[in-house]
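Below is one structure; the comments refer to it alone.
The values are calculated or read from the model by the stated rules, or taken from the named source; none is laboratory data. What you are looking at is a predicted structure, and each value in this text was computed from that prediction instead of being measured. Just the protein is used for accessible areas: all its heavy atoms, side chains included, with ligands, DNA and RNA removed. Shrake-Rupley method; radii C 1.70, N 1.55, O 1.52, S 1.80 Å.
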Amino acid sequence: MLRLYIDGSPLVADHFSGVGHYTLSITRALDNLLGHNDNFKVSVVVTVDCRPKIMQYGFANIDIRTIPMQREQFQSMIVEDRMPIMDKILGRGVYFFPNFVTWPLRRSKSITTVH
């Protein structure tokens, strides 16, 4: 089974920017397609404090995975280059970063959008 992990931070940002609209459009399109494909699983990844906000989108076929820390702490780790190897925590798959910021991965492929 192919697994796709989407960085959901643009969907829960305080200011919903063009990147947020872009990410939401792609995620909704995938959500619609997933009802027809059992060999493909998509998860949106957010910090634990952002779970209630991401749940409001009502994705029917996409899982919500949470990182066990607060958004502020997670963003600080990104800026300070102290991120753990994320595919060790979340699992192997393809990681999609819609906002040009990537996470350290050891055994996974990634797609990064630069706007």
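A few remarks follow.
- Residue-normalised accessible area of the chain, expressed per residue, 1.4 Å probe, Å²: 58
- CD proxy at 222 nm, helix term only [per DSSP H run n ≥ 4: -39500 (n - 2.57); per residue of the chain; nearest 500]: -9500 deg cm²/dmol
- Here the chain exposes an accessible surface that is 51 percent carbon and sulfur, computed with a 1.4 Å probe and the other protein chains kept in place.
- Mean silhouette area of the chain, derived from the convex hull of its C-alpha atoms and averaged over all directions, reads 6.8 nm².
- Kirkwood radius, the stretch 50-111, all distinct C-alpha pairs, inverse of mean reciprocal distance: 13.1 Å.
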